[in-house]
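**Q** Got a structure here, written out as structure tokens. Questions coming.
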Amino acid sequence: MRCPYCGTEDTQVKDSRPAEDNTSIRRRRICPDCGGRFTTFERVQLRELMVIKKTGRKVLFDREKLVRSFDIALRKRPVDRDRIERAVSGIVRRLESSGETEISSEQIGLQVLEALKSLDDVAFVRYASVYRDFSHAEDFEHVINEINAKIARDPLDP
């Protein structure tokens, strides 16, 4: 693994441990040349996934972009980091095990919406406003009414 500080290609692993519900390995590394310390993560990748954008363009699936989407929607919301990681890992597992090598961005967006709905209502509305391209206040009102109707049907469901 290349050192991010000095570029040396030979770094040493000082500590390894399971991370994220045992779906990855966290490795603490040190550079013998500059003494820099950094962390890497190793994950199983079943297949390379391509995302088909609305424009038809194809790009390589990026797990970190998915994490950033959750982070943006959940900014300043009281949601535990472990719950976010479990949601992201679940989406990635479903995508990889679907058997498809090309997945539309719409399919990914729907899975993110579903995950956010169970994590936090405010984050769900935030993400939905971008994903569904809200252009009027009535669009927000409609989604909020859906959430209120769900709460009225099952008030004990968080």
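**Q** Considering only region 8-20, I want to know if a residue exists there that is assigned to a loop (DSSP other than H, G, I, E, B), at pLDDT below 90, open to solvent by 60 Å² or more (accessible area, probe 1.4 Å) and under 30 Å from SER104 (Cβ atoms).
**A** Taking every residue of region 8-20 in turn, none turns out to be assigned to a loop (DSSP other than H, G, I, E, B), at pLDDT below 90, open to solvent by 60 Å² or more (accessible area, probe 1.4 Å) and under 30 Å from SER104 (Cβ atoms).
**Q** From the set of residues in region 21-37 that are among the hydrophobic types (A, V, I, L, M, F, W, C) and at pLDDT 90 or above, which is farthest from ARG83 (Cα to Cα)?
**A** CYS34
**Q** I would also like to ask the following. Consider GLU85 carefully, then state whether it is assigned to a helix (DSSP H, G or I), at pLDDT below 90 and closer than 26 Å to MET1 by Cβ.
**A** Criteria met by GLU85.
**Q** Additional query: Checking the conditions here, which among LEU110, LEU116 is modelled with pLDDT of 85 or more, within 15 Å of the chain's Cα centre (by Cα), open to solvent by 40 Å² or more (accessible area, probe 1.4 Å) and within 22 Å of PHE61 (Cα to Cα)?
**A** LEU110
**Q** Please indicate, with yes or no, whether at least one residue in region 136-145 is touching a residue at least 40 places away in the same chain (Cβ under 8 Å) and either among the hydroxyl-bearing types (Ser, Thr, Tyr) or open to solvent by less than 70 Å² (accessible area, probe 1.4 Å) (or both).
**A** No, region 136-145 has no match at all.
**Q** What do you reckon, is GLU48 exposed (fewer than 12 other Cβ atoms within 10 Å of the Cβ), modelled with pLDDT under 95 and within 22 Å of ARG2 (Cα to Cα)?
**A** no
**Q** Looking only at region 65-94, filter to residues that are closer than 19 Å to PRO18 by Cα and either open to solvent by 70 Å² or more (accessible area, probe 1.4 Å) or free of Cβ contacts under 8 Å to residues at least 12 places away in the same chain (or both); which one of those is farthest from the chain's Cα centre (by Cα)?
**A** ASP80
**Q** Does GLY99 satisfy the condition of being assigned to a loop (DSSP other than H, G, I, E, B), surrounded by fewer than 16 Cβ atoms within 10 Å (Cβ to Cβ) and of a type in the set (Gly, Ala, Ser)?
**A** When the stated conditions are applied, GLY99 passes them.
**Q** Shifting gears a bit: Determine if region 45-56 includes at least one residue that is assigned by the TED database to the domain that holds SER129, in contact with a helix residue (DSSP H, G or I) (Cβ under 9 Å, 6 or more places away or on another chain), in a helix (DSSP H, G or I) and not aromatic (Phe, Trp, Tyr).
**A** No, region 45-56 contains no residue that is assigned by the TED database to the domain that holds SER129, in contact with a helix residue (DSSP H, G or I) (Cβ under 9 Å, 6 or more places away or on another chain), in a helix (DSSP H, G or I) and not aromatic (Phe, Trp, Tyr).
For every residue, the table says whether it meets (1) in a helix (DSSP H, G or I); (2) at pLDDT 80 or above.
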| site | (1), (2) |
| --- | --- |
| PRO78 | no, yes |
| ARG126 | yes, yes |
| PHE134 | no, no |
| ALA149 | yes, no |
| PRO155 | no, no |
| PRO158 | no, no |
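The values are calculated or read from the model by the stated rules, or taken from the named source; none is laboratory data. These figures come from a predicted structure and were not determined experimentally. Ideal geometry is used to build each Cβ from the backbone, glycine not excepted, and the neighbour counts take in all protein chains shown. SASA here: full protein model, heavy atoms, side chains in, ligands and nucleic acids out. Shrake-Rupley method; radii C 1.70, N 1.55, O 1.52, S 1.80 Å.
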